[in-house]
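Engineer: Can you read through this structure? Questions will come right after.
The values are calculated or read from the model by the stated rules, or taken from the named source; none is laboratory data. Keep in mind it's a predicted model, so treat the numbers as computed, not measured. When we count neighbours, we look across all protein chains shown, and the Cβ atoms used for this are built from the backbone with ideal geometry, even at glycine. Just so you know, the surface numbers come from the protein's heavy atoms only, side chains and all, with ligands and any DNA or RNA stripped out. Shrake-Rupley method; radii C 1.70, N 1.55, O 1.52, S 1.80 Å.
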Amino acid sequence: MRSKLAAVAVAAALAGGVVVASPVAATAGTAPSPVATAALTSAIPANLVPARPSPQEVRRALARIARDSDGRVRLGTIGRTNEGRPIRLATVGYGPTRLLYVTQQHGDEPLGTPAAIRALWTLGVPRTAWHRWLLSRVTIDVVVQANPDGAVRNQRYNHDPDASGPYTEPGVGYDMNRFHNPLTPVADNPVPESRAILRLWRATEPRIVVDYHMQGRYRQPDGRETTASILWPTSPLASSAAVTAGRRLAVRNYDAMTYVARANVTRYPGGDYEGIARNAYGILGSASLLVELSDLPEDRTEFQIRTAYVSMLATAQGAADRSIWRIDPARADAIPERGPAIPDAPAELARADAA
Ligand SMILES: [Zn+2]
């Protein structure tokens with residue numbers, strides 16, 4: 001019930017901002033939390049950020065949020081890419097529970113980035129009792145567009161013409177989401193974007209890490225199209241406590257994405273390799289989650305951004321009120337498996353099963 005109440009609160013928040021009609025809010029028979037209802041009634045500026053922002057557009061949007069939040073959203077840089085672009089960090093909140101969100105490790109999977117920018121606005125700009133409560137409990141670090149060199153090329157890899165070996169496209173770059181291995185000394189890691197995130201983890205030791213990606217298109221057994229898939233750490237090196245925490249976080253996200261964002265959510269069929277962020281930060285002890293937005297047609301772009309945005313708000317609220325840690329982790333087993341790929345999806349969308 002608590003998670004449902006929290007979901008209603010997020011739905012009420014969304015009703016005033018990124019417009020969504022939530023059947024949960026309409027049918028739950030429970031008044032939304034007055035705190036959260038009051039919290040998020042300001043509309044996000046429509047021109048805040050495009051769906052597929054360039055690094056310059058990310059910079060401008062974050063600068064606007066930092067200004068409009070009177071500095072409650074703080075901006076930083078955690079490193080530089082091989083082409084010298086800043087790897088951008090935005091932080092909101094002052095609370096003891098640290099969260100880390102990462103978007104667009106794969107440059108051609110952009111939609112987590114506008115979702116994060118909207119979430120930063122929603123968390124940072126309005127100032128209500130709910131905001132003061134939330135920001136006193138959590139500190140949220142967001143690595144916004146973690147692979148800007150890949151983003152400007154609309155490519156999966158970072159930019160490194162010297163790249164060779166496993167998990168690279170030789171002559172193009174590294175797959176940075178295979179280079180978070182916590183067993184590798186950071187100084188030996190060849191990927192500056194991954195090094196920066198690993199160092200940020202060491203500096204902040206977040207309780208929660210959520211990593212936003214995009215996948216191809218899949219059909220569920222009931223005929224509906226999957227719009228998002230999620231997965232917790234599956235590496236055998238992750239402790240049972242960390243896996244349990246990740247499974248609770250998955251259920252929290254499943255509920256919010258399903259009942260608030262109206263997403264069709266499945267379990268992502270991911271691998272066990274410890275270099276994958278989902279596994280790496282679980283091995284390090286965080287509650288870790290991968291979120292994959294399906295690469296739906298253009299007219300569903302706003303829906304997909306909203307799904308990630310709801311995930312970010314629901315995770316923040318569940319960490320702040322600690323409801324995530326009261327979830328039955330066994331419920332994660334009920335998240336359905338992803339179905340087969342949709343065969344007539346455009347070829348460039350039928351990407352490999354690789355988060
Ligand atoms: Zn990806």
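Engineer: Consider the stretch 191-233. How many of its residues are open to solvent by 20 Å² or more (accessible area, probe 1.4 Å), away from the ligand (no atom under 16 Å from the Cβ) and outside any helix (DSSP H, G or I)?
Structural biologist: Selection size over the stretch 191-233: 8.
Engineer: Looking at (1) under 30 Å from G95 (Cβ atoms); (2) open to solvent by less than 10 Å² (accessible area, probe 1.4 Å), which is the only condition G150 fails?
Structural biologist: The failed condition is (1).
Engineer: Is it the case that the stretch 52-64 has a residue that's surrounded by fewer than 17 Cβ atoms within 10 Å (Cβ to Cβ) and within 16 Å of the ligand (Cβ to nearest atom)?
Structural biologist: Checked the stretch 52-64: at least one residue is surrounded by fewer than 17 Cβ atoms within 10 Å (Cβ to Cβ) and within 16 Å of the ligand (Cβ to nearest atom).
Engineer: Give the stretch 277-297 a look and list any residue that's open to solvent by 10 Å² or more (accessible area, probe 1.4 Å) and within 15 Å of the ligand (Cβ to nearest atom), or say none.
Structural biologist: D295 - this is the single residue of the stretch 277-297 that is open to solvent by 10 Å² or more (accessible area, probe 1.4 Å) and within 15 Å of the ligand (Cβ to nearest atom).
Engineer: In the stretch 93-138, what residues are out of contact with any Gly (no Cβ under 9 Å at 6 or more places or on another chain) and in a strand (DSSP E or B)?
Structural biologist: If the condition is that a residue be out of contact with any Gly (no Cβ under 9 Å at 6 or more places or on another chain) and in a strand (DSSP E or B), then T97, R98, L100 are the ones that fit.
Engineer: Still on this structure, please answer the following. Among the residues of the stretch 155-178, which ones are within 13 Å of the ligand (Cβ to nearest atom) and either part of a loop (DSSP other than H, G, I, E, B) or over 19 Å from V102 (Cα atoms) (or both)?
Structural biologist: Once the filter is applied, which keeps residues that are within 13 Å of the ligand (Cβ to nearest atom) and either part of a loop (DSSP other than H, G, I, E, B) or over 19 Å from V102 (Cα atoms) (or both), the stretch 155-178 yields Q155, R156, Y157, N158, Y167, D175.
Engineer: Additional query: Condition first: away from the ligand (no atom under 16 Å from the Cβ) and under 19 Å from the mean Cα position of the chain (by Cα). Now tell me which residues in the stretch 78-113 satisfy that.
Structural biologist: If the condition is that a residue be away from the ligand (no atom under 16 Å from the Cβ) and under 19 Å from the mean Cα position of the chain (by Cα), then I78, I87, R88, L89, A90, T91, V92, G93, T97, R98, L99, L100 are the ones that fit.
Engineer: Collect the residues in the stretch 294-336 that are touching a Ser or Thr at 6+ places or on another chain (Cβ under 6 Å) and of a type outside the set (G, A, S), keeping them in residue-number order.
Structural biologist: P329, P336
Engineer: Name the pairs whose Cβ atoms lie under 6 Å apart, with the first residue in the stretch 244-261 and small (G, A, S), the second open to solvent by 10 Å² or more (accessible area, probe 1.4 Å), and 6 or more positions between them or separate chains?
Structural biologist: Partner pairs satisfying both residue conditions: G246/W232; A250/W232; A261/R306.
Engineer: Next question. Quick one: in the stretch 267-287, which of the residues that are of a type outside the set (G, A, S) and more than 16 Å from the chain's Cα centre (by Cα) is nearest to G223 (Cα to Cα)?
Structural biologist: P269
Engineer: Please specify each residue of the stretch 265-315 satisfying the condition of being small (G, A, S) and outside any strand (DSSP E or B).
Structural biologist: Listed by number, the residues that qualify are G270, G271, G275, A277, A280, G282, G285, S286, A308, S311, A314.
Engineer: For the stretch 98-121, name all the residues that are open to solvent by 10 Å² or more (accessible area, probe 1.4 Å) and either closer than 17 Å to R74 by Cβ or out of contact with any helix residue (DSSP H, G or I) (no Cβ under 9 Å at 6 or more places or on another chain) (or both).
Structural biologist: Of everything in the stretch 98-121, those that are open to solvent by 10 Å² or more (accessible area, probe 1.4 Å) and either closer than 17 Å to R74 by Cβ or out of contact with any helix residue (DSSP H, G or I) (no Cβ under 9 Å at 6 or more places or on another chain) (or both) turn out to be R98, W121.
Engineer: Quick one: D188 ticks every box in (1) of a type outside the set (A, V, I, L, M); (2) within 15 Å of the ligand (Cβ to nearest atom); (3) open to solvent by 40 Å² or more (accessible area, probe 1.4 Å) except a single one, so which number is it?
Structural biologist: Failed condition: (2).
Engineer: Moving on to the next point. Just to verify a result, which residue in the stretch 46-88, among those that are of a type in the set (G, A, S) and part of a loop (DSSP other than H, G, I, E, B), is nearest to N158 (Cα to Cα)?
Structural biologist: Looking at the filtered set, the residue picked out is G84.
Engineer: Report every pair of residues separated by at least 6 positions or lying on different chains whose Cβ atoms are under 9 Å apart, first residue within the stretch 57-84 and on the phi < 0 side of the Ramachandran plot, second of a type in the set (S, T, Y) and exposed (fewer than 14 other Cβ atoms within 10 Å of the Cβ).
Structural biologist: Hits for this filter: R72/Y94.
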